[in-house]
Amino acid sequence: MTNPKGAVPPLSLTAELTHRCPLHCGYCSNPIELLTRDQELDTATWREVLTQAHDIGVLQVHFSGGEPLGRKDLAELIEHTAGLGAYVNLVTSGLGLTEARLQSLVDAGLNHVQLSVQGADAAIGDRIAGTRAHHHKIIAADLVRRAGLPLSVNVVLHRENHHQVAALIDFAEELGADRLELANTQYYGWALRNRSQLMPTADQLAAAELIVQDALVRLKGKMQIVYVIADYPEKFPKPCTYGWGARQITVAPDGTVMPCPAASAISTLQLENVRERSLGEIWYDSSSFNAYRGDDWMSDTCRSCDRRELDFGGCRCQAFLLTGDAAATDPVCHKSPDRGVVDLILAEPRRTGLVMRSPSR
Amino acid sequence: MTAEALSGTASPGPRPRIRRGVRLSYDKVRNTPVVLHPEGVLIPNPTATAVLELCDGEHSLTEIARLLADRYDAVQPEQIRSLLDRLADKQVVEWT
């Protein structure tokens with residue numbers, strides 16, 4: 001297939017199997033309006049989506065959610081994906097992962113597990129998760145290690161756990177992680193609703209920077225650490241993934257196809273659904289995937305900037321959420337005419353009292 | 001450890017192997033070998049592909065260098081070592 005914007009085959013698919021989740025983290029990037037079980041794609045449709053994804057070039061599938069273990073057909077979907085030759089990654093809270101369940105997933109062809117961790121100890125971990133979650137992490141990590149799979153630990157950092165960065169690194173080591181992702185909260189979905197409550201202080205960020213730098217050196221060759229910075233205080237924006245519609249596809253639980261997991265935030269985008277059109281047609285021909293490919297859509301600020309090939313104008317979703325225009329320069333950029341919006345947010349007094357993630361009424 | 005291996009006399013030296021959870025595969029859509037690993041996908045060039053095919057925990061670095069010297073005149077053992085070090089940093093291979 002050819003594409004006027006120069007699109008090449010996608011590399012990875014994030015399959016958000018469900019929005020249902022036993023955790024209630026206030027930093028969740030899922031949308032505020034969570035989909036319910038009756039809106040989810042059935043097994044046959046997911047199988048078809050996975051086949052189509054593989055046919056157009058997807059080599060890696062991330063089963064995510066919500067909590068993907070909440071789907072009884074997870075092993076079947078993994079087996080189907082592995083059978084196509086794609087690499088299978090499971091992104092999980094660990095709740096519901098028993099030895100027998102994990103074995104069924106490993107037998108089906110699971111290659112890698114990403115385990116979320118909310119805090120370095122039960123007191124903080126359970127409070128952030130809104131349920132007794134912490135001890136499940138220890139059990140899940142042990143199971144994954146004993147099954148011989150590589151283990152990544154993912155931590156979302158915010159004001160309530162930032163002081164634990166050193167302890168979180170120690171905890172990930174104890175869990176036997178091959179890789180630790182320490183990601184400062186990015187503000188989409190529930191995290192945007194709770195932004196003021198979650199935003200770390202400048203002192204917290206400065207302290208974490210030093211701890212992470214030290215750990216990177218100390219643990220080189222033992223545990224890989226990926227630190228995702230808080231972008232609001234920065235001079236330049238984070239890149240829009242590898243470019244809009246360049247490598248990744250996300251399919252939401254109801255079959256909505258998105259260029260990234262946050263893209264449903266852009267209400268001006270005409271998102272399409274795998275129930276109505278094939279993944280290949282959506283990837284190459286849809287207005288949503290073509291909207292921000294290349295640089296024709298860019299503002300003059302971005303089109304005249306040397307960094308446009310590095311950050312693609314920054315995050316489209318953030319541009320929309322903070323300026324109302326998804327084609328605007330990401331207002332985090334110091335060259336953006338809207339940078340004042342971000343500076344105002346940073347200067348606001350911080351509120352307390354997280355709104356916990358919960359199903360829509 | 002790798003320098004000693006390249007001297008190639010006293011011991012067979014360290015043996016690289018592809019880590020668990022990493023797979024060398026072939027992609028029919030792009031018509032190219034690919035390395036699938038927890039963090040993503042790498043597209044190795046022909047030399048890297050030939051090296052990875054020998055990263056089975058059986059061949060030593062010295063042996064890999066010797067085998068590839070027969071196939072690729074221009075490949076130096078130092079290049080293979082630095083390639084493997086980069087792949088080890090990406091957690092694609094490990095030394096045994």
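The values are calculated or read from the model by the stated rules, or taken from the named source; none is laboratory data. Because the structure is a prediction, the values reported are computed rather than measured. Because the Cβ atoms are built from the backbone with ideal geometry, glycine has one as well, and the counts that use them run over all protein chains shown. Side chains are part of the model used for accessible areas, which takes the heavy atoms of the whole protein and leaves out ligands, DNA and RNA. Shrake-Rupley method; radii C 1.70, N 1.55, O 1.52, S 1.80 Å.
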Difference of contour (0.36 nm per residue) and Cα-Cα distance, A:Arg101 to A:Arg127: 6.7 nm
Accessible surface, the stretch A:67-187, averaged per residue in Å² (probe 1.4 Å): 33 Å²
Percent carbon-and-sulfur accessible area, the stretch B:3-95, ignoring ligands, DNA and RNA, probe 1.4 Å: 47 percent
Relative contact order for chain A, counting Cα pairs under 8 Å that sit 6 or more residues apart, in percent: 20 percent
Cross-link partners of A:Lys137 among lysines (Cα-Cα below 21 Å; sequence separation of 8 or more within a chain): A:Lys72, A:Lys222
Globularity ratio of the protein assembly as shown, using Cα Rg and 2.2 N^0.38 Å: 1.00
Chymotrypsin sites (Phe, Trp or Tyr not before Pro) restricted to the stretch A:193-292 and DSSP loop, no more than 16 other C-beta within 10 Å: A:Tyr242
Debye, to nearest 20: dipole size of the stretch A:106-225, +1 on Lys, Arg Cβ, -1 on Asp, Glu Cβ: 220 debye
Reachable lysines, given that their alpha-carbon falls under 21 Å from the alpha-carbon of A:Lys335 and they are not under 8 places away in the same chain: A:Lys235, A:Lys238
Check: the stretch A:1-156 dipole with +1 on Lys, Arg Cβ and -1 on Asp, Glu Cβ, in debye: 360 debye
Estimated buried accessible area (total), pair A and B, 1.4 Å, Å² to nearest 100: 1600 Å²
The stretch A:9-360 - share of DSSP beta bridges that are antiparallel (%, nearest 5): 10 percent
Cα-only Debye scattering, the stretch A:224-361: base-10 log of I(q)/I(0) at q = 0.13, 0.17 Å⁻¹: -0.64, -1.00
Accessible-area value, A:Ile139, 1.4 Å probe, nucleic acids and ligands omitted, Å²: 90 Å²
Of all accessible heavy-atom area on chain A, the percent that carbon and sulfur account for (1.4 Å): 53 percent
Residue range of chain A that is longest and free of GluC sites (Glu not before Pro) which are both DSSP loop and sparsely packed (at most 12 other C-beta within 10 Å): A:34-275
Qualifying trypsin sites (Lys or Arg not before Pro) in the stretch A:34-110, DSSP loop, other Cβ atoms within 10 Å at most 12: A:Lys72
Debye equation applied to the C-alpha atoms of the stretch A:228-305, log10 I(q)/I(0) at 0.14, 0.19, 0.22, 0.23 Å⁻¹: -0.52, -0.88, -1.07, -1.13
Eligible lysines near B:Lys28 by straight Cα distance, threshold 26 Å, same-chain separation 8 or greater: A:Lys5, B:Lys90
Separation of alpha-carbon centers, the stretch A:166-185 and the stretch A:297-321, rounded to whole Å: 32 Å
Centre separation in Å (Cα based) which lies between the stretch A:92-158 and the stretch A:1-58: 21 Å
Rg over Rh, two decimals, the stretch B:3-95 (C-alpha only, Kirkwood Rh): 0.97
Chain A, dipole about Cα centre (Lys/Arg Cβ +1, Asp/Glu Cβ -1), debye to the nearest 20: 480 debye
Gap separating the Cα centres of the stretch B:10-50 and the stretch A:232-263, nearest whole Å: 27 Å
